[in-house]
Amino acid sequence: DVDAMLIDIEGAEVLAIEGMEKLIEKRKTTFFLEVHEPYIQAIRSDGMNYINEVFKQNGYKIYWCELDKNSDYKAERGGVRLVPSDDIRWEHCIVSPDGLEDLL
């Protein structure tokens, strides 16, 4: 079992998720995704919908990582807040089977 996984593979996220559907079904792994939508669509035209549906069908909760507009992200190495989302969006997302409400 894998507790957490970072996926940042420049659009090939859709291929990785296709290959790990059984791991996702176990609902034990939290995923940190950097999503590159144009690259994903170049690999699979319905790629973003596919990724969203795989996680939703397995009961995962989706959070978008939003940069705080009032912080100097590079200087502070922070300034990110988690925003619950209905869908995985462009850029950075966290997808968790248990939710992250205690961190909000």
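Compute, for VAL80, the solvent-accessible surface of its heavy atoms (probe 1.4 Å) with the complete set of protein chains present, and express it in square angstrom to the nearest 10. Counting only protein heavy atoms, VAL80 exposes about 70 Å² to solvent. Where Lys and Arg each count +1 and Asp and Glu each count -1, what net charge lies around ASP1 among other residues with Cβ under 13 Å from its Cβ? Around ASP1, the charge tally is +2. In this rough spin-label picture, where each label sits 7 Å from Cα along the Cβ direction, the ASP3-ASP86 distance is 3.4 nm. The convex hull built on the alpha-carbon positions of the stretch 1-64 has an orientation-averaged projected area of 3.9 nm².
Each residue of the stretch 29-37 was assigned a 3J(HN,Hα) from its phi angle through the Karplus expression (A = 6.51, B = -1.76, C = 1.60, θ = phi - 60°), giving 10, 9, 10, 10, 10, 10, 9, 10, 3 Hz with x at Gly and Pro.
The values are calculated or read from the model by the stated rules, or taken from the named source; none is laboratory data. The model shown is predicted, which means the values in this text are computed figures rather than measured ones. Don't worry about glycine lacking a Cβ; one is built from the backbone with ideal geometry, like all the others, and counts go over all protein chains shown. For accessibility, only protein heavy atoms count, side chains too; no ligands or nucleic acids. Shrake-Rupley method; radii C 1.70, N 1.55, O 1.52, S 1.80 Å.
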